[in-house]
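Peer 1: First the structure, then my questions, so here it is.
The values are calculated or read from the model by the stated rules, or taken from the named source; none is laboratory data. From a predicted model like this one, the values you see are computed outputs, not experimental measurements. Cβ coordinates were reconstructed from backbone atoms using ideal geometry, including for glycine residues, and neighbour counts include every protein chain displayed. Surface accessibility is based on the protein's heavy atoms, side chains included, excluding ligands, DNA and RNA. Shrake-Rupley method; radii C 1.70, N 1.55, O 1.52, S 1.80 Å.
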Amino acid sequence: MTYHLFYSPGTASLAVHWMLIELGVAFEAEAVDIKAERSAAYLALNPAGRVPTLVIDGAPVSESAALLMLLAERHPEAGFAPAVRSPERAAWMETMLLLANGLSPAMRDWFYADKDGEPAGAAAVQALARRRIEGVFERLDGMLADRRPFLLGEAVTTADFLATMLMRWSRNMERPATSWPNLGPYVTRMRARPAFVEVCRREGLTEWLNG
């Protein structure tokens with residue numbers, strides 16, 4: 001197995017970069033400047049020009065949630081996804097799609113409200129995005145109300161890597177994820193994982209490590 005990750009610090013590639021470190025597999029990581037025009041070589045790998053792109057045995061694959069799920073399937077020994085037909089499988093898939101289809105798009109609407117649409121309507125877009133973000137945080141907080149250590153129970157899964165990455169993006173919002181009673185301690189546990197500390201070191205990220 002060979003892996004080559006194209007990433008940009010602190011962006012949607014963070015969860016994949018983090019999971020590769022958690023897996024302990026060999027991989028190459030190459031930073032992409034998302035503020036600059038993409039090279040023809042990179043666009044050939046990912047026509048959208050976004051990150052992450054993970055080249056797996058020579059073939060490029062994109063989309064954070066898909067990559068997390070694919071890596072979990074390729075490395076089942078790590079236990080980052082419930083086994084097929086296990087009782088936890090449905091909840092894992094549901095949570096992954098909640099994060100990918102619910103929280104992630106709302107985050108983009110919040111940060112790019114004046115760029116993806118008409119600037120005059122940016123405030124309304126942000127207001128709706130905030131309600132959607134906080135609605136998902138409320139739901140995730142409820143999942144943790146029984147004092148389980150991770151979103152799906154006793155074992156960390158891809159959902160935890162994806163959720164923590166998205167929660168990090170809320171750190172400067174009026175109601176960050178850490179302000180919820182159960183999400184706050186959960187984030188503390190996830191940030192304490194050695195692989196999270198390591199991915200932040202590799203990407204040069206200093207915010208949100210401790211508070």
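Peer 1: Carbon and sulfur atoms: what percent of the 1.4 Å accessible area of the chain do they account for? Working shown, then result.
Peer 2: Numbers: 5670 of 10460 Å².
Summing carbon and sulfur atoms, their accessible area is 54 percent of the total for the chain.
Peer 1: Using a ≥ b ≥ c from the Cα gyration tensor of segment 43-133 (square roots of the eigenvalues), is it rounded, prolate or oblate, where a/c under 1.5 gives rounded and otherwise the larger of a/b and b/c decides, a/b for prolate? Display every interim value, and only then the final one.
Peer 2: Working: a/c = 4.72, a/b = 1.50, b/c = 3.14.
Taking the square roots of the gyration eigenvalues as a ≥ b ≥ c, segment 43-133 is oblate.
Peer 1: At 222 nm, what value in deg cm²/dmol follows for the chain if DSSP H runs of at least 4 each add -39500 (n - 2.57) and the sum is divided by all its residues, to the nearest 500? Could you put the intermediate results ahead of the total?
Peer 2: Working: 10 runs with 100 residues, N = 211.
Rounded to the nearest 500, the figure is -14000 deg cm²/dmol.
Peer 1: Name the residues of segment 160-185 whose amide N is less than 18 Å from a point 7 angstrom out from the Cα of Ala127 along the C-beta direction?
Peer 2: 174-175
Peer 1: Counting only other residues whose beta carbon sits under 13 Å from that of Arg148, what net charge do I get with K and R as +1, D and E as -1? Write out the running numbers ahead of the final one.
Peer 2: Values: positive: Arg147, Arg189; negative: Glu88, Asp141, Asp146, Glu154, Asp160.
For residues surrounding Arg148, the net value is -3.
Peer 1: What does the extension gain come out to for Arg147 and Leu97, with contour length at 0.36 nm per residue minus their alpha carbon separation?
Peer 2: Numbers: separation 50, 0.36 × 50 = 18.00 nm, distance 2.27 nm.
Between Arg147 and Leu97, full extension yields an extra 15.7 nm.
Peer 1: By its C-alpha gyration tensor, with a ≥ b ≥ c as the square roots of the eigenvalues, how is segment 118-211 shaped: rounded for a/c under 1.5, else prolate for a/b larger than b/c, else oblate? It would help to have the intermediate numbers written out before the result.
Peer 2: Details: a/c = 2.30, a/b = 1.34, b/c = 1.72.
Oblate is the answer for segment 118-211, as a/c is 1.5 or above yet b/c matches or exceeds a/b.
Peer 1: Continuing with this model, one more query. Give the distance, in whole Å, between the Cα centre of segment 1-78 and the Cα centre of segment 130-146.
Peer 2: 28
Peer 1: With Cβ to Cβ distances under 15 Å as the rule, what net charge do the other residues near Glu174 carry (K, R +1; D, E -1)?
Peer 2: On the way: positive: Arg130, Arg131, Arg132, Arg171, Arg175; negative: Glu134, Glu138.
So the environment of Glu174 carries a net charge of +3.
Peer 1: Follow-up. Can you give the FRET efficiency for Thr188 and Ala120, using 1/(1 + (r/R0)^6), R0 = 45 Å, r = Cβ-Cβ distance, to the nearest 0.05? Before the final figure, lay out each step's value.
Peer 2: Working: r = 40 Å, r/R0 = 0.89.
Efficiency for this residue pair is about 0.65.
Peer 1: Per residue, what accessible area does segment 80-211 have, given a 1.4 Å probe and all protein chains present, in Å²?
Peer 2: On the way: 6690 Å² over 132 residues.
About 51 Å² of surface per residue is accessible.
Peer 1: Share of antiparallel DSSP beta bridges in the chain, in percent to the nearest 5? Show your work: numbers first, answer last.
Peer 2: Numbers: 9 of 13 bridges.
Among the beta bridges of the chain, antiparallel pairing accounts for roughly 70 percent.
Peer 1: Within segment 107-211, report the GluC sites (Glu not before Pro) that DSSP leaves as loop and that have at most 12 other Cβ atoms within 10 Å.
Peer 2: Working: sites: Glu134, Glu138, Glu154, Glu174, Glu198, Glu203, Glu207; in loops: Glu154, Glu174, Glu207.
Sites meeting the loop and neighbour criteria: Glu154, Glu174, Glu207.
Peer 1: Please state the relative contact order of the chain as a whole percent: Cα pairs under 8 Å, 6+ residues apart? Intermediate results must be reported in sequence, preceding the final value.
Peer 2: On the way: 254 pairs, mean separation 43.9, N = 211.
The value is 21 percent.
Peer 1: I need the calculated FRET efficiency for the pair Ala48 and Glu154, taking r as the beta carbon distance and R₀ as 41 Å, to the nearest 0.05. Write down the numbers at each step before the final one.
Peer 2: Numbers: r = 37 Å, r/R0 = 0.90.
After rounding, the FRET efficiency stands at 0.65.
Peer 1: Sticking with this one: Efficiency by 1/(1 + (r/R0)^6): what FRET value for Arg108 and Ala26, r their Cβ-Cβ distance, R0 = 35 Å, to the nearest 0.05? Provide the component values of the computation, followed by the final result.
Peer 2: On the way: r = 32 Å, r/R0 = 0.91.
For R0 = 35 Å, the calculated efficiency reads 0.65.
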